[in-house]
Amino acid sequence: MAERTESSSIPRTQALTKWGISLVNGFFGDYLRDSENGLATDMALRHAGRPLSITPDALRSVHPDTTGRLVILVHGLGCHEGIWQYPEPGDPALTTTYGEGLHREHGYTPFYLRYNTGLALAENGAHFATLLNRLLSNYPTPVTEIVLIGHSMGGLVIRSACHYGASRQAGWVERVRRVFYLASPHEGAPLAKFAHWTTDVMQAARNPVTQLIGDALNARSQGVKDLRHGAPLHHDGQSAPWLGHARHYLIVGTLHGDTAHAASVLFGDGLVRQRSAKGGSSAATAWAGDEQAPPAEIDVLPGIHHLRLAHDPAVFHKISQQCRQRTGGVVDNGD
Amino acid sequence: METETVRQLHGAKDLARDVVDVAVQKIGNVHLAIARRPYAMLARFPVVAPVSKQVEQLQTEITVGVYGAIRVVNRLVATAARRQS
């Protein structure tokens with residue numbers, strides 16, 4: 001059962017520290033890992049803020065009513081699993097998550113991943129694929145279905161993990177039925193591109209002060225640098241393909257209530273532009289009239305900004321609705 | 001205190017030490033690079049060049065010494081803090 005936490009019971013400083021550590025991991029995570037710093041986050045499933053051992057007993061103790069249908073939620077850059085929490089619509093004193101909602105409405109057993117978002121996307125993808133292997137081999141009930149939900153960078157980590165899993169013929173891959181990408185920058189994020197360009201200009205200038213600023217910008221993590229390209233590149237130089245047999249749902253937010261408004265067109269959801277969140281050219285190529293392409297659906301939710309896509313009742317409603325359906329083909333509900 | 005919290009506290013101290021160390025080193029380099037410019041101009045005039053060269057050497061030694069001392073003190077403070085916790 002997903003946790004229900006009274007938001008007021010979490011001391012504010014403790015929550016701020018947790019967010020601070022996640023942010024530091026996002027921007028300097030590879031340095032923290034390489035220097036064996038204690039702030040470096042190890043990838044793990046988390047329950048009630050603590051790492052969850054992947055053993056049958058531990059899994060049974062946190063989910064006594066385990067089902068064969070799993071939903072795994074993967075957060076984005078500089079975040080942790082707390083990003084999924086939002087006030088319970090019926091009782092604002094309590095918090096809920098998409099995972100808990102899917103447990104309640106469809107019987108999915110939810111798991112929340114926490115990881116070092118500063119590491120390279122492909123590295124996190126490979127770690128996540130290994131973790132899913134361990135989860136399935138220790139899960140107390142036979143797994144029949146896996147749903148993956150990724151917010152922002154989390155969606156790219158999922159794509160990478162599926163690529164690794166498929167190339168190693170991992171057992172969990174064939175059980176992945178649905179993948180939700182909430183504002184994932186499949187074709188890169190403008191801020192990451194801007195940081196790359198600024199770093200190059202600053203470092204090229206023959207002025208010690210601008211070079212210092214360039215060096216400081218260049219200290220950003222590999223995870224942040226990877227967001228320039230979007231879909232993770234692998235050793236073969238190709239971006240991670242879309243998992244063939246799964247159904248893909250791309251949920252896109254916009255800053256303004258009107259998707260055609262200048263703010264929505266230029267800035268998308270504030271951090272990711274609509275085209276990138278809709279899968280970019282790789283999705284357009286993969287899905288344009290190709291019957292072999294994986295089925296996909298694109299939903300644009302006007303007026304929901306980037307971070308809010310991870311904890312908004314309207315997004316949950318879409319996810320829940322999709323988990324009820326079983327169809328193929330491409331449907332674009334957006335503009 | 002939980003193991004994870006202790007590990008994170010040590011990590012925060014180590015990170016603070018590393019940030020100060022790298023920042024002092026980088027700022028020191030910028031300081032030296034900026035200071036080198038007027039001396040490079042003075043070196044073009046044979047009348048003042050020998051004297052300016054000596055002044056530049058002295059200034060460089062002082063600058064390197066001051067920034068180096070800050071880095072040493074930073075590391076000593078970090079080590080002492082780690083022993084106390």
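Could you say whether any residue in the range A:78-93 is within 14 Å of chain B (Cβ to nearest Cβ) and in a loop (DSSP other than H, G, I, E, B)?
Checking the range A:78-93: at least one residue is within 14 Å of chain B (Cβ to nearest Cβ) and in a loop (DSSP other than H, G, I, E, B).
Would you mind finding the one in B:L9, B:L15 that is under 30 Å from A:L52 (Cβ atoms), within 14 Å of chain A (Cβ to nearest Cβ) and touching a Ser or Thr at 6+ places or on another chain (Cβ under 7 Å)? Spell out the reasoning first.
Working: B:L15 fails: touching a Ser or Thr at 6+ places or on another chain (Cβ under 7 Å).
Step by step, each of B:L9, B:L15 is checked, and only B:L9 is under 30 Å from A:L52 (Cβ atoms), within 14 Å of chain A (Cβ to nearest Cβ) and touching a Ser or Thr at 6+ places or on another chain (Cβ under 7 Å).
Under 22 Å from the mean Cα position of the chain (by Cα), away from chain A (no Cβ under 12 Å), under 19 Å from A:S35 (Cα atoms) and surrounded by fewer than 15 Cβ atoms within 10 Å (Cβ to Cβ): does that describe B:R75?
Judged against the criteria, B:R75 is a match.
Take the residues of the range A:21-47 that are part of a helix (DSSP H, G or I) and facing chain B (nearest Cβ under 9 Å): which is farthest from B:D21 (Cα to Cα)?
Residues of the range A:21-47 that are part of a helix (DSSP H, G or I), as a first pass: A:21-34.
Still in the running and facing chain B (nearest Cβ under 9 Å): A:21, A:24, A:28, A:31-32.
On the way: A:I21: 20, A:V24: 17, A:F28: 16, A:Y31: 14, A:L32: 15 Å.
Out of the qualifying residues, it is A:I21.
Would you mind finding the one in A:R114, A:R50, A:R104, A:R60 that is within 30 Å of A:P142 (Cβ to Cβ), within 14 Å of chain B (Cβ to nearest Cβ) and either surrounded by fewer than 18 Cβ atoms within 10 Å (Cβ to Cβ) or not basic (K, R) (or both)?
One residue alone meets the criteria, A:R50.
For the range B:1-51, which residues satisfy the criterion of being under 21 Å from the mean Cα position of the chain (by Cα) and loosely packed, with under 13 Cβ neighbours inside 10 Å?
Answer for the range B:1-51, where residues must be under 21 Å from the mean Cα position of the chain (by Cα) and loosely packed, with under 13 Cβ neighbours inside 10 Å: B:I34, B:R37.
Would you mind stating whether B:R82 is surrounded by 16 or more Cβ atoms within 10 Å (Cβ to Cβ) and either at negative phi or at pLDDT below 95 (or both)? Steps first, please.
Numbers: surrounded by 16 or more Cβ atoms within 10 Å (Cβ to Cβ): no; either at negative phi or at pLDDT below 95 (or both): yes.
No, not satisfied.
Within the range B:1-50, take every residue that is in a helix (DSSP H, G or I) and among the basic types (K, R) and give me the one that is nearest to A:L217 (Cα to Cα).
Restricting to residues being in a helix (DSSP H, G or I) and among the basic types (K, R), the top hit is B:K26.
Would you point out which residue out of A:R206, A:R220 is touching a residue at least 40 places away in the same chain (Cβ under 8 Å), out of contact with any Gly (no Cβ under 8 Å at 6 or more places or on another chain) and of a type outside the set (D, E)?
That would be A:R220, the only listed residue that is touching a residue at least 40 places away in the same chain (Cβ under 8 Å), out of contact with any Gly (no Cβ under 8 Å at 6 or more places or on another chain) and of a type outside the set (D, E).
Would you please name the residue that is farthest from A:T109 (Cα to Cα), looking only at residues in the range A:22-49 that are touching a residue at least 40 places away in the same chain (Cβ under 8 Å) and acidic (D, E)? Talk me through it step by step, then tell me what you get.
If we filter the range A:22-49 for residues that are touching a residue at least 40 places away in the same chain (Cβ under 8 Å), which is where we start, we get A:22-23, A:25-33, A:40-48.
Remaining after also requiring acidic (D, E): A:30, A:42.
Working: A:D30: 31, A:D42: 23 Å.
Here the answer is A:D30.
The values are calculated or read from the model by the stated rules, or taken from the named source; none is laboratory data. Quick caveat: nothing in here was measured; it's all calculated off a predicted structure. No Cβ is skipped: glycine too gets one built from the backbone with ideal geometry, and neighbour counts run over all protein chains shown.
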